[in-house]
There are 4 protein chains.
Amino acid sequence: MANAVNLNSDLGESFGAWHMGNDQAMLGIVKSANIACGFHGGDPTVMRETVRLAKANGVSIGAHPSFPDLQGFGRRQMKMSPAEIEALIAYQTGALMGIAAAEGVRVTHVKPHGALSNMASVEPDLAAAIARAIKAVDPQLIFLVTAQSQMSKAGRKLGLTVAEEVFADRTYGDDGNLTPRSQPHAMIHDAAQSLAHVRRMVEEQAIFSLSGRKIPTPIDSICVHGDEPTAVAVAQSVRDGLSAAQIRILPLPEIVAVN
Amino acid sequence: MANAVNLNSDLGESFGAWHMGNDQAMLGIVKSANIACGFHGGDPTVMRETVRLAKANGVSIGAHPSFPDLQGFGRRQMKMSPAEIEALIAYQTGALMGIAAAEGVRVTHVKPHGALSNMASVEPDLAAAIARAIKAVDPQLIFLVTAQSQMSKAGRKLGLTVAEEVFADRTYGDDGNLTPRSQPHAMIHDAAQSLAHVRRMVEEQAIFSLSGRKIPTPIDSICVHGDEPTAVAVAQSVRDGLSAAQIRILPLPEIVAVN
Amino acid sequence: MANAVNLNSDLGESFGAWHMGNDQAMLGIVKSANIACGFHGGDPTVMRETVRLAKANGVSIGAHPSFPDLQGFGRRQMKMSPAEIEALIAYQTGALMGIAAAEGVRVTHVKPHGALSNMASVEPDLAAAIARAIKAVDPQLIFLVTAQSQMSKAGRKLGLTVAEEVFADRTYGDDGNLTPRSQPHAMIHDAAQSLAHVRRMVEEQAIFSLSGRKIPTPIDSICVHGDEPTAVAVAQSVRDGLSAAQIRILPLPEIVAVN
Amino acid sequence: MANAVNLNSDLGESFGAWHMGNDQAMLGIVKSANIACGFHGGDPTVMRETVRLAKANGVSIGAHPSFPDLQGFGRRQMKMSPAEIEALIAYQTGALMGIAAAEGVRVTHVKPHGALSNMASVEPDLAAAIARAIKAVDPQLIFLVTAQSQMSKAGRKLGLTVAEEVFADRTYGDDGNLTPRSQPHAMIHDAAQSLAHVRRMVEEQAIFSLSGRKIPTPIDSICVHGDEPTAVAVAQSVRDGLSAAQIRILPLPEIVAVN
């Protein structure tokens, strides 16, 4: 469905006395927020504040669970068993549900964070463990995944509602995976270029690799990162550009109802 | 109501590679379990295992939230603001709800742990913050409190269902508070003595201080601790003795429905 | 000794992916750095980077140990036993010594952080536990303390070299303690005012309370905070102003050798 | 040198309210203790108690640093950069040095724990990072390593004193590595069998694989684990049997001076 898409961002990543990102600005732009659950960022107080801000902005919320690695911001690979992963996802998703309930809103999606997401994008067993956990906690939860990843397959296999995500500020390889950050051209920092990249993906419902290969995929959501200096400008540019192109920006639950 | 009472225990207090208590035996005796939520003990995997065991034994479950103090087992006083406390309670209660949902059971009560409970028993502002958090997360949750404490008052004031708890293995002072562990006669280690202590409290619906003072109180639940060598014997003795005295032992939701 | 003083700042308070303060700028201004040891801020990687920067700037280093409370940045009161405190101080001081040894520099002082410092300023038992730990780890370590506090007394009683510290950006009450942050006029944000405040204290070797009371004290060191927007400007102003007044700014080991 | 060997054990692995192992009994048997430094087990208070017990028993002490993974007891693989590893080792080794200094004893060796040791046994870059950190903190520290591992090579290359360790209760594959715990015959639980295994290795200065292959290696130390029910009996059997065979059991610093 090329005439509507979701815009999401990873938010609530401050912790204790430390601030990260510009949540207030981003929550005025995106329509869904992936909220850190205390394992790579976020703490109960930060989570509550983020949920309040999301609610005030009409932004749908999801859990953004991570490996237990605060120092590494969840970006370091860890080897955990499928059983440990299931419990990890249920715990963090539930924690956000508790905070959200206290604010009178519902958690409507789950999107794995950092190294957990990267590993589960290519490891079927890990992807399946995450999908099982989400289904067990609440089968209505939307599983927001990297487009065309093992998570997408695992979620669909279990009957979950899967939303496929592409990145506004990242390029892709011929296998459909993100270009690793260690390589040149991995990132897109220019707002106009980012918008063109996003529009092409949404309008053609496909990923385009750096070498020009076209990989068809449903695209339900665009992720814009919130923790870089250019983040707010890029996000605003993408949002304005899509709107100008008659593509509606909707919260995730509305998108999956349409798509 | 002297012919029925709940029996509860603090369980799921193992963490990672470390074991604590005899949860398997205790879950065959008690009717409600207060489950550690990862802040003083418990981790997602331990929580899941504990919820499974509770479910298999027909034991109702509640969150046992704590200060964030793993090394101190939640027994060291901390100064946190009411807003921090509210978020802390919502987070931990939600985390257990996530785990419980994944196992197909419901969290039906909340009982604060350790120093948090001791402080909230005498500090009205702290007690009120806890009560507000419980009500915000789910107004159906039972607030399991030290009998006659500030938590009892705060919970009733907010309209929560409050269950008052006495201890099978602890003695009381003339003010109705527990004799501090640092003083002689604080603990009751003898199973027969513990049973007599419990029967008298339940039958007369009152606390009796060491000096003999009678402090009337509704008594909904008896707490038996699970982490001492004599715990299982004491718990079994209390349960058998109450049954022999025609006092039914029920899960917390049934007790509050009756009382 | 009014013609020389130390200038110190609390640094290395970033953690993992989160940044705090402007360590690079501050290390070009102060002569001693109190380095967070991982319990309220700092992690092994941040500590190493901070030690390297301090070394490159000729800045002496000290451990800045805290309660184990990362989320609360060590600013929440905790009740720990004297034995726990002793081990806590030895652990954190040693951890910095390990990092410093790897960089070829020595840890020359210890300054307690946050709530631990505030509590030990008025509780003799806590102050004594900290002093015992420092002496046990290395009796040559300088104990950097709030001027006229219980820590000063405890350190001197044990024969430690004590350096008394006043704050460039805080005002004092008639008892010589800091005006609590919750009260008006607790903070001094104006650079010129801060310099005048510091010069008067150093030149008269006394604290002056808001009401005008003069409390004589040796003053070995001035603390300038690094985590406020105005921090660098205030620190630079104090340093330049003292230099202009012919007051030399020296590292802590040189100051205690002179004083 | 076949007529003297060290006997070591991983100790101080309790944490907060949780107990693990039988340190008191093991410290009466072994001659060197690898002490957990708070990242997989141990806390400042436990470390201090363990150092005191080791000192009272004439047992030499070493740091037993780990990945930062308390819940996983340091047994889960993590991907950390060489720079992070160096800081991690320096921090934990220093922390034990601080505690040891407070008790008047010296840290004389470092032995990596769990997944960190397993990974560094086969990854040259990781092994080199650990060796660099040890040398930087104190070039006199003995590097206690799995015999014939990449850590052995990395330590020797840097000029560290390396002590090669074999396990009393584990079998070996044809490549000289430990049989993975997931395979049959990985563990030796029988005390007599364990002694025979150890004697043969020490007397022939070689590892023997399950299939009978002989892999020559200097053997400086035998590791006996302390956390299994049979641990104390196995350790005592090994010690008594070696003594009966005229093989002296010495602390690590004395062994490396002899060997």
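The values are calculated or read from the model by the stated rules, or taken from the named source; none is laboratory data. The structure displayed is predicted, hence computed values, not measured ones. Note: ideal-geometry Cβ built from the backbone for every residue, glycine included; neighbour counts use all protein chains shown. The accessibility values were calculated without ligands, DNA or RNA, using every heavy atom of the protein model including side chains. Shrake-Rupley method; radii C 1.70, N 1.55, O 1.52, S 1.80 Å.
What is the residue count in region D:188-214 for residues that are over 15 Å from D:Gln148 (Cα atoms) and either aliphatic (A, V, I, L, M) or in contact with a His (Cβ under 7 Å, 6 or more places away or on another chain) (or both)? Counting residues in region D:188-214 that are over 15 Å from D:Gln148 (Cα atoms) and either aliphatic (A, V, I, L, M) or in contact with a His (Cβ under 7 Å, 6 or more places away or on another chain) (or both) gives 7. When region D:15-34 is filtered for residues that are in contact with a strand residue (DSSP E or B) (Cβ under 9 Å, 6 or more places away or on another chain) and closer than 18 Å to D:Leu250 by Cα, the ones remaining, listed by number, are D:Met26, D:Leu27, D:Ile29, D:Val30, D:Lys31, D:Ser32, D:Ala33, D:Asn34. Among the residues examined, B:Ala168 does not qualify as out of contact with any Pro (no Cβ under 9 Å at 6 or more places or on another chain) and open to solvent by 60 Å² or more (accessible area, probe 1.4 Å).
Scanning region A:120-131 for residues that are touching a residue at least 40 places away in the same chain (Cβ under 8 Å) and surrounded by fewer than 21 Cβ atoms within 10 Å (Cβ to Cβ) turns up A:Val122, A:Asp125. For region B:156-169, indicate whether the set of residues that are in a helix (DSSP H, G or I) and more than 18 Å from the chain's Cα centre (by Cα) is non-empty. Checking region B:156-169: at least one residue is in a helix (DSSP H, G or I) and more than 18 Å from the chain's Cα centre (by Cα).
Looking at region B:116-139, can you tell me whether even one residue there is over 15 Å from the mean Cα position of the chain (by Cα), outside any helix (DSSP H, G or I) and more than 14 Å from chain A (Cβ to nearest Cβ)? Yes, because at least one residue in region B:116-139 is over 15 Å from the mean Cα position of the chain (by Cα), outside any helix (DSSP H, G or I) and more than 14 Å from chain A (Cβ to nearest Cβ). Can you find even one residue in region B:220-239 that is farther than 25 Å from B:Gly62 by Cβ and either aliphatic (A, V, I, L, M) or under 17 Å from the mean Cα position of the chain (by Cα) (or both)? Scanning region B:220-239, I find no residue that is farther than 25 Å from B:Gly62 by Cβ and either aliphatic (A, V, I, L, M) or under 17 Å from the mean Cα position of the chain (by Cα) (or both), so the answer is no. Put simply, of C:Ala154, C:Ala136 the only residue that is more than 17 Å from C:Cys223 (Cβ to Cβ), surrounded by fewer than 23 Cβ atoms within 10 Å (Cβ to Cβ) and of a type in the set (A, V, I, L, M, F, W, C) is C:Ala136. Quick one: would you say D:Ala87 is hydrophobic (A, V, I, L, M, F, W, C), in contact with a helix residue (DSSP H, G or I) (Cβ under 6 Å, 6 or more places away or on another chain), open to solvent by less than 10 Å² (accessible area, probe 1.4 Å) and facing another protein chain (nearest Cβ under 9 Å)? Spelling it out, D:Ala87 is indeed hydrophobic (A, V, I, L, M, F, W, C), in contact with a helix residue (DSSP H, G or I) (Cβ under 6 Å, 6 or more places away or on another chain), open to solvent by less than 10 Å² (accessible area, probe 1.4 Å) and facing another protein chain (nearest Cβ under 9 Å). Within region B:1-36, being part of a strand (DSSP E or B), within 12 Å of chain D (Cβ to nearest Cβ) and without any contact (Cβ under 8 Å) to a residue 60 or more places away in the chain holds for B:Phe15, B:Trp18.
Residue-by-condition table, conditions (1) at negative phi; (2) aliphatic (A, V, I, L, M); (3) at pLDDT below 95:
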{"site": "B:Val166", "(1), (2), (3)": "yes, yes, no"}
{"site": "B:Asp174", "(1), (2), (3)": "yes, no, yes"}
{"site": "B:Pro184", "(1), (2), (3)": "yes, no, yes"}
{"site": "B:Ile219", "(1), (2), (3)": "yes, yes, no"}
{"site": "B:Cys223", "(1), (2), (3)": "yes, no, no"}
{"site": "B:Ser237", "(1), (2), (3)": "yes, no, yes"}
{"site": "B:Ala245", "(1), (2), (3)": "yes, yes, yes"}
{"site": "B:Pro253", "(1), (2), (3)": "yes, no, no"}
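Can you name the residue in region C:58-84 that is aliphatic (A, V, I, L, M) and outside any loop (DSSP other than H, G, I, E, B) and, of all such residues, is farthest from the other protein chains (Cβ to nearest Cβ)?
The extreme case among them is C:Ile61.
Highlighted here are the strands (runs of 3 or more DSSP E) found entirely within region D:186-259 that include at least 2 residues which are loosely packed, with under 15 Cβ neighbours inside 10 Å and without any contact (Cβ under 8 Å) to a residue 60 or more places away in the chain: D:214-216.
Is there a residue in region A:64-76 that is more than 17 Å from the chain's Cα centre (by Cα), modelled with pLDDT under 95 and polar (S, T, N, Q)? Within region A:64-76, not a single residue is more than 17 Å from the chain's Cα centre (by Cα), modelled with pLDDT under 95 and polar (S, T, N, Q).
Please determine, by comparing only the residues of region C:37-57 that are open to solvent by 50 Å² or more (accessible area, probe 1.4 Å) and more than 14 Å from chain D (Cβ to nearest Cβ), which one is nearest to the chain's Cα centre (by Cα). Among those residues, the one meeting the criterion is C:Asn57. Tell me yes or no: at least one residue of region A:156-177 is in contact with a Ser or Thr (Cβ under 7 Å, 6 or more places away or on another chain), without any contact (Cβ under 8 Å) to a residue 24 or more places away in the chain and small (Gly, Ala, Ser). No: zero hits. You will find that of A:Met26, A:Met1, the residue that is at pLDDT below 95 and either of a type in the set (A, V, I, L, M) or open to solvent by less than 10 Å² (accessible area, probe 1.4 Å) (or both) is A:Met1 and no other.
Looking only at residues in region B:97-115 that are assigned to a helix (DSSP H, G or I) and more than 7 Å from chain A (Cβ to nearest Cβ), the one that is nearest to the chain's Cα centre (by Cα) is B:Gly114. All conditions but one from (1) open to solvent by 30 Å² or more (accessible area, probe 1.4 Å); (2) in contact with a Leu (Cβ under 6 Å, 6 or more places away or on another chain) apply to C:Val107; the one that does not is (1).
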